[in-house]
Amino acid sequence: MASTIKDVAKMADVSISTVSRVINDSKPVSPEARRRVMHAIEVLDYKPNEVARSLVTKKSNLIGVIVSDIGNSYVSQVLRGVEEIGRMYQYDILLSSSYGDPEVEVKFAKLFSRKQVEGIIIISEILNQKLLYKLDEFKIPCVVINRFYNIEEAPTVTINNKAAAYNMTDYLTEMGHKDIGYVVLRNDMDRTNEKYKIKGYRDAMEANGLTPKFLYAEGTDEEAAKDIFRQHEEEIRNKKYSVLFCSQDLLAINLMNVMRDNGMTVPDDMSFAGFGGSSLSEIYRPKLTTVKEPYYDIGAVAIRKLLKNIDNKKVDNDDEMILLPVEIIKRQSVMDLNKEK
């Protein structure tokens, strides 16, 4: 049978209230009484009731994390940053996966509120306005991480997509490319980070005296890649583009596969650049030149931001945006045209 607080008080020869003060560190206790209480707790292997304790201390040391899909590589890397930094500060993580269902995200937010979590982190790939309203209603500090949608209603940690796209485009011009096509994800372009990537690409092209050229994709999967190739096959084979800069690594890799299936080689017939720095970009051959997003760091900075707000008792969830730097990973999928001259 599990030991109770009454057992600890009896063994330490103190009152129950004294044991409670030691456990919760709520009021001063003499060194000798504290020593006896701690000794009794160790001997009896007493485990305090965390729920009752949180009601006294107003601290549960719990962070709720809602993710779109734990099996997603991007999500798991961000989550690792959240979990490891949370552990450093003695916070436990309550994890729930919504699998992209907006109503499930709201359901878990309500559950976390009842569990008295001190903060909530959302790692999602959908735009869920109802969830953002609920988080504001609960008055629980939160941070929202979303690599597709631009979040303006809550604190977020992300990258400077405009600068990243500009830098990649500028690098491609340094490699001698002038006919640079940008492959855009069409869905919700006006609300996603695509608009910032497009601006960065366009600015870099114009700064180098080049004409922007856009190809529009309906997704990142193989079927979307096949559609792009079918629509632009003549232009591709006639060298209208020397390189395709894709807004997602997965889209770039699927396009590379489609072109290989149609008798073309990378980078001899077409160079490729991606965005994300996913593990696939390292495995595929030729290795993909890409913008590497710091997924782990995004998670680590997000929970540090959240814990700072918790310590400051800040629950208004202002729209602060933290931008982290990215890196251009230069690999074999981009041909150096300067060497051909």
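From the residues in the stretch 57-86 that are touching a strand residue (DSSP E or B) at 6+ places or on another chain (Cβ under 8 Å) and assigned to a helix (DSSP H, G or I), which one is modelled with the lowest pLDDT?
Taking the candidates together, the pick is Tyr74.
Okay, residues lined up against (1) in contact with a strand residue (DSSP E or B) (Cβ under 9 Å, 6 or more places away or on another chain); (2) surrounded by fewer than 16 Cβ atoms within 10 Å (Cβ to Cβ); (3) under 13 Å from Tyr74 (Cβ atoms); (4) modelled with pLDDT of 90 or more:
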{"position": "Ser271", "(1), (2), (3), (4)": "yes, no, no, yes"}
{"position": "Gly276", "(1), (2), (3), (4)": "yes, no, yes, yes"}
{"position": "Lys287", "(1), (2), (3), (4)": "yes, yes, no, yes"}
{"position": "Lys292", "(1), (2), (3), (4)": "yes, no, yes, yes"}
{"position": "Ile298", "(1), (2), (3), (4)": "yes, no, yes, yes"}
{"position": "Ile303", "(1), (2), (3), (4)": "yes, no, no, yes"}
{"position": "Leu306", "(1), (2), (3), (4)": "yes, no, no, yes"}
{"position": "Ile310", "(1), (2), (3), (4)": "yes, no, no, no"}
{"position": "Lys313", "(1), (2), (3), (4)": "no, yes, no, no"}
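Is the stretch 97-108 home to any residue that is modelled with pLDDT under 90, surrounded by 13 or more Cβ atoms within 10 Å (Cβ to Cβ) and in contact with a Leu (Cβ under 8 Å, 6 or more places away or on another chain)? No, the stretch 97-108 has no match at all. The single condition among (1) surrounded by fewer than 23 Cβ atoms within 10 Å (Cβ to Cβ); (2) under 19 Å from His177 (Cα atoms); (3) among the aliphatic types (A, V, I, L, M) that Leu280 does not meet is (2). Every residue in the stretch 180-194 that is surrounded by fewer than 16 Cβ atoms within 10 Å (Cβ to Cβ) and either closer than 21 Å to Met270 by Cβ or of a type outside the set (Asp, Glu) (or both), please. Passing the criteria: Arg186, Asn187, Met189, Arg191. When Asp203, Asp227 are checked against the criterion of being surrounded by 14 or more Cβ atoms within 10 Å (Cβ to Cβ), within 19 Å of Met175 (Cα to Cα) and acidic (Asp, Glu), Asp203 stands alone in meeting it.
Listed by position, the strands (runs of 3 or more DSSP E) enclosed by the stretch 99-207 include none that has at least 1 residues that are free of Cβ contacts under 8 Å to residues at least 24 places away in the same chain, of a type in the set (Asp, Glu) and on the phi > 0 side of the Ramachandran plot.
The values are calculated or read from the model by the stated rules, or taken from the named source; none is laboratory data. Not measured: the values here are computed from a predicted model. Note: ideal-geometry Cβ built from the backbone for every residue, glycine included; neighbour counts use all protein chains shown.
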